[in-house]
Amino acid sequence: MFTTRTARAGLAATAALTVGGLLLAGVTSEAGAAGTGLKTLAEAKNIYFGTALTQSNLSNSTLTAVAGAQFDMVTPGNEMKWDTTEPSNGTYNFGPGDQIVSFAQSHSMRIRGHNLVWHSQLPSWVSSLPSNQVQAAMEAHITTEATHYKGKLYAWDVVNEPFDDSGNLRTDAFYNAMGSGYIADALRTAHAADPNAKLYLNDYNIEGQNAKSDAMYQLVSQLKAQGVPIDGIGLESHFIVGQVPSSMRANMQRFAALGLDVAITELDDRMQTPASNANLAQQATDYAAVVANCLAVPRCVGVSQWGVGDADSWIPGAFPGQGAATMYDNNYQPKPAYNSTATALGGSTTTTPPPPPSSTCKVTDTVNAWNTGLTESITITNTGSSAISGWSLAFTLAGGQAITSAWNATIAPSTGAVTAKNVNYNGSVAPGASVSFGFQASHTGDTSTPGDFTLNGTRCA
Ligand code: G2I
């Protein structure tokens, strides 16, 4: 009755890997390289490794370089939630969510839609509706949003956080209007709109066996028995260092035994800041344990971290005095949890990190964007010790960007992976010297800069 993880995750098996160069301290400079990164290791195990991204994250090129190199699944942090997508009744705004989709698609990442129905980040007009209008509003919202993203998403968190901390269904606008049946109705409505998306219920504090996960187990047992379309359970996994539940694996297995996929959807592991070395080591142990749990349960389809690095994590804002909850520090350098995660995924271990890759060039770029267009100015600095005679700079444009003109370089093609070459008067760059060029492009919402640059075949710092 069980399908294999390979079939569930829909991933092609990845052939033999070279992982020896994985644990580089300067891992961000590995952006996009084949055969590196958590995603490559995860894919070899037929799971994915994901991250959450918000719209504002897309303009941070350090962050997007790590995201594109390490992760193969994206969850929009806020951009598909009801307060963004339908701020007033019947008025929809999919622009921010579309930008996340565009980034994901242009980096070959899949997308978990998050979320269709949730008591939080719910515009007040919904909770103010007369109760006999709530069902129609919920169904219209689900149908319109799931139809907009139809075919683009791997999965939807259809109902998010339906239970309160005691394991009772939250008495939110949906429950108050429809009773517990709103959950089956939401799942059926989402399935009708996008039959190929995996449909999830997602919640926190259901990672181990406890009253709340027991309540979720009862609920989904009933839904399955009633033939309601549900494919998976999302375990958010917002942990505190040293507190990954020992019953997590058994808990995942009992959901899997119902014929459901399980996913770690929002992993982080917080601690007091500044972080102690002991806590960072414990965090590494915790991350490895979570990954091992997923690998041990055939129907665990993947692990997503909530954010890319400590600098963009929600934790310091929500828990003052706490943070350091992700695998990357405030400068997007990998922490011990990154190495333990890579090792848990089957990567090779090193006791001392190898030196960062040598680089003989540095690139800076500046974007000025307006609603449909942008100009980008790029400066190459020769940081090596020998003169450059003729240059060719390769980089990848964000999805939806198309170059319309260029100066001080010839650039081709106009979209996707492009190469800029010197013109006749600026091909020579002495050691320590710089050369600048630029271009104008149209865009469809994603104005982010390229994540990495390769000059004459060598990646630049
Ligand atoms: O709270 C952490 C996560 C728990 N599970 C469901 C997730 O959807 C949730 O994500 C967080 C976002 O990471 C935060 O960014 O959900 C929060 C709201 O419940 C998000 O925070 C909100 C702030 O509270 C608002 O002040 C802000 O306007 O983000 C909004 C948009 O930046």
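Below, the figures for the structure above:
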| item | result |
| --- | --- |
| Boolean, Ser108 is surrounded by fewer than 24 Cβ atoms within 10 Å (Cβ to Cβ), touching a strand residue (DSSP E or B) at 6+ places or on another chain (Cβ under 9 Å) and in contact (Cβ under 8 Å) with a residue 24 or more places away in the chain | no |
| So Asp185, is it under 29 Å from Val290 (Cβ atoms), assigned to a helix (DSSP H, G or I) and more than 16 Å from the ligand (Cβ to nearest atom) | no |
| Scan of segment 146-165 for residues that are surrounded by fewer than 21 Cβ atoms within 10 Å (Cβ to Cβ) and in a helix (DSSP H, G or I), ordered by number | Thr147, His148 |
| Subset of segment 306-338 [more than 16 Å from Pro274 (Cβ to Cβ), within 16 Å of the ligand (Cβ to nearest atom) and assigned to a helix (DSSP H, G or I)] | Asp312, Gly317, Ala318 |
| Filter result for the condition that a residue is in contact with a Lys or Arg (Cβ under 9 Å, 6 or more places away or on another chain), of a type outside the set (Lys, Arg), open to solvent by 40 Å² or more (accessible area, probe 1.4 Å) and away from the ligand (no atom under 14 Å from the Cβ), over Gln209, Gln222 | Gln209 |
| Filter result for the condition that a residue is at pLDDT 95 or above and open to solvent by 60 Å² or more (accessible area, probe 1.4 Å), over Trp407, Trp391 | Trp407 |
| Looking only at segment 426-459, and only at residues there that are of a type in the set (A, V, I, L, M, F, W, C) and crowded, with 22+ Cβ neighbours inside 10 Å, the one that is nearest to Ser389 (Cα to Cα) | Leu455 |
| Matching residues, segment 166-204, being open to solvent by 70 Å² or more (accessible area, probe 1.4 Å) and modelled with pLDDT of 95 or more | Asn168, Thr171, Tyr175, Asn176, Arg188, His191, Ala192, Asn196 |
| Residue in segment 188-204 that is farthest from Asp165 (Cα to Cα), counting only those that are of a type in the set (D, E, K, R) and either in a loop (DSSP other than H, G, I, E, B) or in contact with a strand residue (DSSP E or B) (Cβ under 8 Å, 6 or more places away or on another chain) (or both) | Asp194 |
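The values are calculated or read from the model by the stated rules, or taken from the named source; none is laboratory data. Being a predicted model, the structure only gives us computed values, none of them experimental. Cβ coordinates were reconstructed from backbone atoms using ideal geometry, including for glycine residues, and neighbour counts include every protein chain displayed. Accessible surface areas use protein heavy atoms only, side chains included; no ligands, DNA or RNA. Shrake-Rupley method; radii C 1.70, N 1.55, O 1.52, S 1.80 Å.
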